[in-house]
Amino acid sequence: MTMAMTAPAHVPAIPTIPDSAPFNAAQRAWLNGFFAGLLNRGGAGAPAMQPAEVATVSSDAEEAMTWHDPALNLEDRLQLAEGRPVERRLMAAMAQLDCGACGYVCQTYAEAIASGEEKDLTKCAPGGRETARKLKELSSSIVPVASVTVRGAPATTVPAPVPAPATTPKGHDRRHPFAARLLKNQPLNAPASSKDTRHIVFDLHGSGLTYRAGDALGVIPENCPDTVGWLLEALDASGGESITTTDGSTATLHDVLLRHVGITQPTVGLVQLLGVSASDPDHAQALRQMTAEDGPGIPEGHEVLDLLKRFPSARPSPAAFVGALKPIRPRLYSISSSPKAHPDDVHLTVAVVRYVNAVGRQCRGVASTYLAERLRAGQKAKVFVHASHAFAPPADANVPMIMVGPGTGVAPFRAFLQDRAASAGARGRNWLFFGDQKRDHDFLYREEIEKWIVDGVLTRLDTAFSRDQAEKIYVQDRMLERGREIWAWLQDGAHFYVCGDAKRMARDVDHALTKIVAEQGGMSAEAAAAYVSDLAKSKRYGRDVY
Ligand SMILES: Cc1cc2nc3c(=O)[nH]c(=O)nc-3n(C[C@H](O)[C@H](O)[C@H](O)COP(=O)(O)OP(=O)(O)OC[C@H]3O[C@@H](n4cnc5c(N)ncnc54)[C@H](O)[C@@H]3O)c2cc1C
Ligand SMILES: NC(=O)c1ccc[n+]([C@@H]2O[C@H](COP(=O)([O-])OP(=O)(O)OC[C@H]3O[C@@H](n4cnc5c(N)ncnc54)[C@H](OP(=O)(O)O)[C@@H]3O)[C@@H](O)[C@H]2O)c1
């Protein structure tokens, strides 16, 4: 069977079953619907819709999902989901950030796994290995669904039908982003620093968008034009090729690659497509192996361009190529301003991602370099507000806050402190732990922070500059030095917050907090862990980690 290919404005090609295929009208209609749904929801190897576009089984309003709180630890989340259907337990295993890194939100990623439509259990980046392990364990109990193979296309499984969203959102959101003008892009590190962090300001005037301290801003980036150029060269395409979109309109290949699809991370579908299009049998074999059930997987750190370079005989048509990529993914950034201080604009604190990848090629993070290098002041970017579920300053401005935010982790705490500074009569004490590499180069927002101390907004500041001395000093080392005071603040009802790197820092801070509770509270390790877990359940332990 062959499939007719068209590719979309914002989502690439949806294949349809041709009339000549051996199916009756009802079967054809069902299969067309299935493929459209599969491609739109990011099934194996297929382009996925943006997270909020994914249909959901039921809304939070209809069903309480008490585990949907990033502050809770994995065990507590799973406990809250106990006895619920497998898709809810799978959801509870995720980081609950709805960050979109997986191409879904937590609920719809879980549903896609439960339906058999999504095979990749490692997509929850903030949840890391712990989540992946749990997903594997939980999904082993799922009964596999029927398998449909389309000749010349990746094998796939039939998912359970998922109803369309019940309501159309009003105003600007992930599906209807606001075109916000860039007002500022200022370096926050000294020129001699090895880091590049930017203070980014967008104008929200006239958008109707509102936000709260603790929310994040979603940015829909454009890809790097150099990468687009290299891909076109590798595909031997001019970029002017016309790509037909699902809504019947056309766009040039260049435009689709620049604005509409993710062009860095290879999808399983792309590797399968390269495999079937490779004229060199060795290339075809190596590509097939990568996606085989027990194969090695797509080599770590390889981007799409690296695969095209490594397998020069694998050259699919431009339409098929973009059809195998996913729609470009929005990136979230913790908002570093308070609407009380900046009602018409929104501030971000962005670490620019640049690194040399596994094959020695200089790579650039798509969104962070879009914001830092390509978007010019006065130009507009597509943004939306991503409300946080449980990460906000205490409702009572008299309650103390302990904030641990090294590097870009300081972002939401700048917002929290602006919030408190702007709230007349707020008497709550505020304690910030900040860290980065070098005091002279990397003390982000130093002047503002020091002014808050002078003004009495910031009660305490502890800094950990990791590379100012031979031995690394991190924020959790400072916490341990101040264990007695931290315990006293907690006893006074303080809320504890951590923001920044999830993989190492937030985990180590959690261990330090538990150790402090055990030592200062005279508790066993188990009792201390239960105390910290209760802090999270009672919304006194907020985590905004990535
Ligand atoms: C809730 C939330 C809040 C966030 N807040 C902030 C914030 O305030 N500030 C901020 O800067 N970021 C924040 N992030 C992270 C942000 O969303 C993006 O993930 C980040 O900017 C990278 O996006 P990018 O498009 O530039 O990089 P991408 O193009 O997405 O590339 C990132 C990928 O590059 C690879 N990579 C990165 N570094 C290396 C390396 N050294 N070696 C090898 N491979 C590497 C990894 O595969 C990584 O996944 C937040 C994320 C979430 C979920
Ligand atoms: N998902 C993504 O694509 C993405 C994008 C951007 C950032 N991130 C993550 O978010 C983090 C934020 O980057 P950033 O520039 O804001 O700051 P950062 O790299 O986290 O560094 C801030 C400070 O934290 C220190 N640190 C390193 N390991 C630590 C640990 N285990 N515990 C406590 N502190 C530790 C660093 O020290 P040293 O460097 O001296 O060790 C540095 O002094 C990055 O580390 C990265 O992991 C992820």
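Given the Cα-Cα distance of Glu300 and Glu450 and 0.36 nm per residue of separation, how much length would full extension add, in nm? The partial results should precede the final answer.
Details: separation 150, 0.36 × 150 = 54.00 nm, distance 4.27 nm.
Gain on stretching Glu300 to Glu450: 49.7 nm.
Under a 5 Å amide H to amide H cut-off, with H placed in plane at 1.01 Å, what residues pair with Val353 once short-range neighbours are removed?
The answer is Gly365, Ser368, Thr369.
Return the ratio Rg/(2.2 N^0.38 Å) for the stretch 419-546, where Rg is computed over Cα atoms only. List each step's numbers first, then the result.
Details: Rg = 15.2 Å, N = 128, 2.2 N^0.38 = 13.9 Å.
In units of the 2.2 N^0.38 Å rule of thumb, it is 1.10.
In the neighborhood of Arg439, defined by Cβ-to-Cβ distances under 11 Å, what is the net charge if each Lys or Arg adds +1 and each Asp or Glu adds -1? Could the numbers behind the result be given before it?
On the way: positive: Lys438, Arg446, Arg467; negative: Asp436, Asp440, Asp442, Asp468.
Within the 11 Å Cβ shell, the charges total -1.
Based on other C-beta atoms within 10 Å, arrange Phe416, Phe443 from fewest to most. Display every interim value, and only then the final one.
Numbers: Phe416 27, Phe443 21.
If I rank by nearby Cβ atoms, fewest first, I get Phe443, Phe416.
Please report the relative contact order for the stretch 362-457, taking Cα pairs under 8 Å with a sequence separation of at least 6, and give it as a percent rounded to a whole number. Provide the component values of the computation, followed by the final result.
On the way: 63 pairs, mean separation 24.8, N = 96.
Here the relative contact order equals 26 percent.
For the stretch 345-487, what number results from the quotient of the Cα radius of gyration and 2.2 N^0.38 Å?
Working: Rg = 17.7 Å, N = 143, 2.2 N^0.38 = 14.5 Å.
Here the Cα radius of gyration is 1.22 times the empirical estimate.
Can you tell me the equivalent ellipsoid semi-axes for the stretch 291-330? Use √(5λ) from the Cα gyration tensor, largest first, whole Å. All intermediate terms of the calculation are to be shown ahead of the outcome.
Numbers: eigenvalues 68, 47, 28 Å².
Over the Cα atoms of the stretch 291-330, the ellipsoid semi-axes are 18, 15, 12 Å.
Where the Cα atoms of the stretch 224-318 are projected onto their three principal axes, how long is each span, largest first, in whole Å?
40, 27, 21
Wrap a convex hull around the Cα atoms of the stretch 251-402, take a quarter of its surface area, and give that in square nanometres. Write out the running numbers ahead of the final one.
On the way: hull surface 53.9 nm².
Over every viewing direction, the Cα hull of the stretch 251-402 projects on average to 13.5 nm².
Since every read-out is calculated from the coordinates, none of them should be taken as a lab result. Please read these numbers as outputs of a predicted model, since none were measured by experiment. Because the Cβ atoms are built from the backbone with ideal geometry, glycine has one as well, and the counts that use them run over all protein chains shown.
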